[in-house]
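Some notes on the structure that comes next.
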Amino acid sequence: MPQCDFTKSFMKRKKIKSKAVYRFLRTVFFFLCSRSMASKTPVGFIGVGNMGNPMAKNLMKHGYPLIIYDVFPDACKEFLDAGEQVVSSPADVAEKADRIITMLPTSINAIEAYSGANGILKKVKKGSLLIDSSTIDPMVSKELAKEVEKMGAVFMDAPVSGGVGAARSGNLTFMVGGVEEEFAAAQELLGCMGSNVVYCGAVGTGQAAKICNNLLLAISMIGTAEAMNLGIRLGLDPKLLAKILNMSSGRCWSSDTYNPVPGVMDGVPSANNYQGGFGTTLMAKDLGLAQDSATSTKSPILLGSQAHQIYRMMCAKGYSKKDFSSVFQFLREEETF
């Protein structure tokens, strides 16, 4: 248990009431836990942006020393200040760690981090476990897995859901694809950063699950924004409308956890001028992945295609760096949409 929280329950079970004995046992337990924490081998972490930063910090909280790399050196400063190792390339991470997590924006970034001139595969050790938590094309995950396998290492795709808030609290959901025999090893690390770690199947199935999730998320966010906008223009108080939606059949994550209307909820991007969170550019990228997958499998995604166009339009009209829930603001401003 983290920080030896079992001490008190142990004392209670054994009915040990002596304070001196309690202090002695507490010291012993603390020493044993400290030894256990100190024995943990370093974990490499590549990509400490909006999502990667809190994910890496949760690994630190669980006692894992980190080997950090990010293409933007300033992103690594607080880890350096905290005593973690910061290196100058993904290859350097692979040289120092045999378990590596990557959290990158796009397929191109992932390919560069693994297969580039200074990529992980230049110095990867045999038997290393490489976990990619980026959201990328499932076909790219499969190709990277083949390259990694040639080097005698293991690759798993493990994209996440939950956003920055869940990353901070350690409540992400990981969707994992890869060799099932390696899942337990991946779960040990991912469980430090998420409350749900789900095995999906072979390499690429984690990405498939994530793409489907974000397709639905985009559609539901647009629907929530449209419903809230219509209700407000019909004279309803937005907080009242949100309350009604969240106790009715229209309830969804976009309405009850991440409401897009400013002033309805605290602690979400809409309460902070749509700063932070999950960027509109990234949502457009994920919807593009869904569109490509739908084309290759001949799957109709009528609402998904429309959502893709809306988020692409938002990027072209100055919303690219805002959170994807800014679709509400976009709808409010597009009188002739």
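Details
- Residue in the range 166-179 that is under 12 Å from the mean Cα position of the chain (by Cα) and without any contact (Cβ under 8 Å) to a residue 24 or more places away in the chain present: yes
- The set of residues from the range 70-98 being within 15 Å of I131 (Cα to Cα) and in contact with an Asp or Glu (Cβ under 9 Å, 6 or more places away or on another chain) comprises just one member, P90.
- Leading residue by the ranking (farthest from the chain's Cα centre (by Cα)) among those in the range 91-104 that are closer than 13 Å to G47 by Cβ and either open to solvent by less than 10 Å² (accessible area, probe 1.4 Å) or not assigned by TED's automatic domain parsing to the domain that holds M55 (or both): V93
- Scanning the range 166-174 finds no residues that are over 27 Å from T257 (Cα atoms), part of a helix (DSSP H, G or I) and basic (K, R).
- Of all the listed residues (Y311, Y274), the sole one being touching a residue at least 60 places away in the same chain (Cβ under 8 Å) and among the hydroxyl-bearing types (S, T, Y) is Y311.
- Odd one out for A75 among (1) surrounded by fewer than 18 Cβ atoms within 10 Å (Cβ to Cβ); (2) touching a Gly at 6+ places or on another chain (Cβ under 7 Å); (3) under 23 Å from S161 (Cα atoms): (1)
- Being at pLDDT 95 or above and farther than 23 Å from E188 by Cα is true of G119.
- Checking each residue in the range 221-257 for being touching a residue at least 24 places away in the same chain (Cβ under 8 Å), open to solvent by 40 Å² or more (accessible area, probe 1.4 Å) and within 23 Å of the chain's Cα centre (by Cα) picks out only W253.
- Among (1) surrounded by 14 or more Cβ atoms within 10 Å (Cβ to Cβ); (2) over 20 Å from K210 (Cβ atoms); (3) in contact with a strand residue (DSSP E or B) (Cβ under 8 Å, 6 or more places away or on another chain) - the single one Q275 does not satisfy: (1)
- Listed by position, the helices (runs of 4 or more DSSP H) enclosed by the range 54-155 that each have at least 1 residues that are among the hydrophobic types (A, V, I, L, M, F, W, C) and in contact (Cβ under 8 Å) with a residue 60 or more places away in the chain are 107-115, 138-150.
- Residues in the range 169-214 that are within 19 Å of P105 (Cβ to Cβ) and open to solvent by 50 Å² or more (accessible area, probe 1.4 Å): N213 only.
- Test: residue in the range 92-101 that is in contact with a helix residue (DSSP H, G or I) (Cβ under 9 Å, 6 or more places away or on another chain) and closer than 24 Å to G279 by Cα: yes
- Among (1) in contact with a Gly (Cβ under 6 Å, 6 or more places away or on another chain); (2) closer than 19 Å to G279 by Cα - the single one L241 does not satisfy: (2)
The values are calculated or read from the model by the stated rules, or taken from the named source; none is laboratory data. These numbers were taken from a predicted model, which means no experiment stands behind them. Note that we place each Cβ from the backbone using ideal geometry, even for glycine, and neighbour counts take in every protein chain shown. For accessibility, only protein heavy atoms count, side chains too; no ligands or nucleic acids. Shrake-Rupley method; radii C 1.70, N 1.55, O 1.52, S 1.80 Å.
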